[in-house]
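The values are calculated or read from the model by the stated rules, or taken from the named source; none is laboratory data. Since this is a predicted model, take the numbers as computed values, not measurements. All Cβ positions, glycine included, derive from the backbone under ideal geometry; neighbour counts span all protein chains shown. These accessible areas exclude ligands, DNA and RNA; they are computed on the full protein's heavy atoms, side chains included. Shrake-Rupley method; radii C 1.70, N 1.55, O 1.52, S 1.80 Å.
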Amino acid sequence: MRKPPQASPATTVYLVFARSGPGDGEDVVEPLVAVVTDESEAAGLERSVVARHPASSVSWETHDTGPVPTEGVVHVVLLGAPELGMPDAPDELAGPIGIAVRSTRGAAERVVRDRGTSSGDLSVVSLPIGYRRAGWPFAPWPGRPDRDLPDGVVRLVLDGAGGEQAAGHVLAVVGSDREAEDAMADVDTARLEHHALRPASSDDDTDDGRVHLVLRASAGEVNGVAAHASRDRARLEATTRQGAIAPDVSTRFEVVSLPVGHRRGRPVQS
């Protein structure tokens, strides 16, 4: 007896879009910034984007597709006017709408043909599961480093043998445990701390893309206290904590400002 054909297992794909600010001004963009298959990962990306850009917002669409090929690439049909491109990537849509996701490019292109020109400007882009926009999430400010913190948490790697200056104890500032483990390799005195990035307000002009660390130095040992997006808030916290323990001069609180991705050996700014 012939068995009835079984439907191929469906995969739910989350298309994550980040809106750079409120309103509909010409400088507001909402590109596709990530492609994932887990809602909790999409929610983590939302926290990361908002921590870095407090005026922004994040949304996502869900699309069911067939089984994802072994190479992990899906084919996304997008609607959007090609002349409205991203400032740093003119060929990329600044505000697309997801129409469909397919497991093969041929199937995605059939969606475009079936809908015809009456549906507007449709295009197909092939992206891997796990995709992140190159200018994550938007075009970085000129001269501003990009804080790549997928879960909004700073990994601070400290070296217990860093010398007299607090900054000398900072072995690395990275955005993932894997990078932290790599930075700690072969350093017997290294240890790892996790600090949630405290966001800056939307009008804070001291949010320069770096992480502003509040460090506590006492008796030759340095510990992280907090990680801020705002340099002013980091300095205020350090000053407040220092004032609370005055006149104790054996302990001091310092602010060290570093980009995500810093490894010891590069210039330190404090």
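Evaluate the following for residue 234: is it aliphatic (A, V, I, L, M), within 22 Å of residue 47 (Cβ to Cβ) and modelled with pLDDT of 90 or more?
In short, yes.
Identify, please: which residue in segment 1-18 is open to solvent by less than 100 Å² (accessible area, probe 1.4 Å) and modelled with pLDDT under 55 and is, among those, farthest from residue 67 (Cα to Cα)?
Checking each candidate, the answer is 7.
Among residues belonging to segment 87-104 that are aliphatic (A, V, I, L, M) and either modelled with pLDDT under 90 or farther than 20 Å from residue 72 by Cβ (or both), point out the one that is farthest from the chain's Cα centre (by Cα).
Restricting to residues being aliphatic (A, V, I, L, M) and either modelled with pLDDT under 90 or farther than 20 Å from residue 72 by Cβ (or both), the top hit is 99.
I'm trying to understand the selection: among the residues of segment 221-247, which are without any contact (Cβ under 8 Å) to a residue 24 or more places away in the chain and not basic (Lys, Arg)?
234, 236, 237, 239, 240, 242, 243, 244, 245, 246, 247
Would you confirm, using the coordinates I've provided, whether residue 197 is over 18 Å from residue 159 (Cα atoms) and in contact with a Leu (Cβ under 8 Å, 6 or more places away or on another chain)?
yes
Return the only residue of 180, 167 being within 19 Å of residue 222 (Cβ to Cβ), in contact with a Ser or Thr (Cβ under 9 Å, 6 or more places away or on another chain) and not in a strand (DSSP E or B).
Checking each option against the conditions leaves just 167.
When the residues of segment 166-208 are filtered to those that are farther than 26 Å from residue 56 by Cβ and among the small types (Gly, Ala, Ser), which remaining residue is most open to solvent (accessible area, probe 1.4 Å)?
Only one residue tops the list, namely 185.
Quick check: is even one residue across segment 170-178 out of contact with any strand residue (DSSP E or B) (no Cβ under 7 Å at 6 or more places or on another chain) and without any contact (Cβ under 8 Å) to a residue 24 or more places away in the chain?
Yes, segment 170-178 contains a residue that is out of contact with any strand residue (DSSP E or B) (no Cβ under 7 Å at 6 or more places or on another chain) and without any contact (Cβ under 8 Å) to a residue 24 or more places away in the chain.
Out of segment 196-214, which residues are in contact with a Gly (Cβ under 7 Å, 6 or more places away or on another chain) and at pLDDT below 95?
Scanning segment 196-214 gives 196, 197.
Within segment 209-221, restricting attention to residues that are open to solvent by 10 Å² or more (accessible area, probe 1.4 Å) and not in a strand (DSSP E or B), which residue is nearest to residue 247 (Cα to Cα)?
Step by step, filter segment 209-221, then rank; the result is 219.
Do you know which residues across segment 82-95 are open to solvent by less than 30 Å² (accessible area, probe 1.4 Å) and either assigned to a loop (DSSP other than H, G, I, E, B) or within 23 Å of residue 154 (Cβ to Cβ) (or both)?
94
Sort out which residues of segment 21-74 are assigned to a helix (DSSP H, G or I), open to solvent by 60 Å² or more (accessible area, probe 1.4 Å) and within 27 Å of residue 10 (Cβ to Cβ), and write them in order of number.
Of everything in segment 21-74, those that are assigned to a helix (DSSP H, G or I), open to solvent by 60 Å² or more (accessible area, probe 1.4 Å) and within 27 Å of residue 10 (Cβ to Cβ) turn out to be 39, 40, 41, 46.
Condition check ((1) under 19 Å from residue 13 (Cα atoms); (2) in contact with an Asp or Glu (Cβ under 6 Å, 6 or more places away or on another chain); (3) modelled with pLDDT under 90; (4) open to solvent by 30 Å² or more (accessible area, probe 1.4 Å)) across all residues:
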| site | (1), (2), (3), (4) |
| --- | --- |
| 106 | yes, no, no, yes |
| 111 | yes, no, no, no |
| 125 | yes, no, no, yes |
| 129 | yes, no, no, yes |
| 132 | yes, no, yes, yes |
| 143 | no, no, yes, yes |
| 149 | no, no, yes, no |
| 154 | no, no, no, no |
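Considering only segment 175-195, state which residues are at pLDDT below 90, over 17 Å from residue 259 (Cβ atoms) and of a type in the set (A, V, I, L, M).
Result: 185, 187.
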